[in-house]
Amino acid sequence: MPTIYEILSKSSTIQCTSQAQKVEYTVAMELQSQLHGAADIGHSTSLDAPKGSVRIAVVPEKSKWKSIHPSLDGSKDWMLARVRDGQGIELLASRPHLLYMLFCHVVEDWKALDIREFANGKIAYPAFPNLRPVYDLFLTQHARTVRAFDRSRYFKELARLGFSHAEVNGLAFPVPFEQGPKGELLHRFYTYCPALDQFVSSKLTKGYYDEDYLQANLNYLKTNAEEAERYGLTP
């Protein structure tokens, strides 16, 4: 019998379900790249996967879970890969951040599994409802300026590992704007966990920070948020 990846590699169509879920299109484009552009990306609201297609969907509505698979517990998050007889491949998840993790399971961990293992749906449940980085050293803290650090790749790895959230409030500069009195080092610690006044002006701080400095920090924060949403992570 063929493996799940062999069936996947023969797909001619990749169907996303919701235009609001950016992660669906991220998965679709990565899958299309693996297929060397041989599959077209489309959109339909149905959860069905006709033969020769891959259905990609985030299904947050608990009312739909039992109709997808009778064993899905309405109180737990889940990931499901299924290939029903005579149909295409379904890659479904209850929350956005789980969809990319499921995709990675299929193309990495499960790729050599017999297609029969997926006939009734292969379901995985995350160990924790949320997985959040705390003091993300490389993305927003001290190590964000290390040579050759790839932010986009880092977000991709967070999603691959199943993280649900991503820190986004980092400075665009190696050091903060503040200098402080001679001999005082506290200002150096403003480089981690920066607050709102490092991104926008208020009545309290207007004129204190250079506008270009604030805008650069805000742009950095927005880029981080956009990257997070591409992979279904909550910024």
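The values are calculated or read from the model by the stated rules, or taken from the named source; none is laboratory data. On a predicted model such as this, the values are computed, not experimentally measured, just so you know. Neighbour counts run over all protein chains shown; Cβ positions are idealised from the backbone, glycine included. When the accessible area is computed, the model is the full protein with side chains, heavy atoms only, and any ligands, DNA or RNA have been set aside. Shrake-Rupley method; radii C 1.70, N 1.55, O 1.52, S 1.80 Å.
Could you work out the local net charge near K22, counting Lys and Arg as +1, Asp and Glu as -1, over the other residues with Cβ closer than 12 Å to its Cβ? In short, -3.
When the Gaussian network model of the chain links Cα atoms closer than 10 Å, the mean-square fluctuations of L171, L214, L204 top out at L204.
Taking the empirical scaling 2.2 N^0.38 Å for compact globular proteins as reference, segment 170-235 has a Cα radius of gyration ratio of 1.25. For the chain, the longest principal axis of the alpha carbon atoms and the long axis of helix 151-160 meet at an angle near 40°. For segment 1-145, the number of Lys pairs separated by eight or more positions or lying on different chains, with C-alpha atoms closer than 14 Å, is 6. Which of the three applies to segment 14-153, rounded, prolate or oblate, going by the alpha-carbon gyration tensor with a ≥ b ≥ c and a/c under 1.5 meaning rounded? Judged from the Cα gyration tensor, segment 14-153 comes out prolate (a/c at least 1.5, a/b above b/c). Sorting 50-56, 31-37, 77-83, 194-200 by average packing, meaning the other beta carbons within 10 Å per residue, from highest down gives 77-83, 50-56, 194-200, 31-37. Across the chain, the convex hull enclosing all Cα atoms gives 157 Å³ per residue. Per-residue ellipticity at 222 nm from helix content only, as computed over the chain with -39500 (n - 2.57) for each DSSP H run of at least four residues, stands at -8000 deg cm²/dmol. Listed by chain and number, the lysines whose alpha-carbon sits under 26 Å from that of K182, ignoring those within fewer than 8 places in the same chain, are K206. Here the chain is assigned +1 on the Cβ of each Lys and Arg and -1 on the Cβ of each Asp and Glu. Its dipole about the Cα centre then comes out at about 320 debye. Here the accessible area of segment 10-142 is 53 percent carbon and sulfur, with a 1.4 angstrom probe and all protein chains present.
Per residue, the chain exposes an accessible area of 54 Å² to a 1.4 Å probe, with every protein chain left in place.
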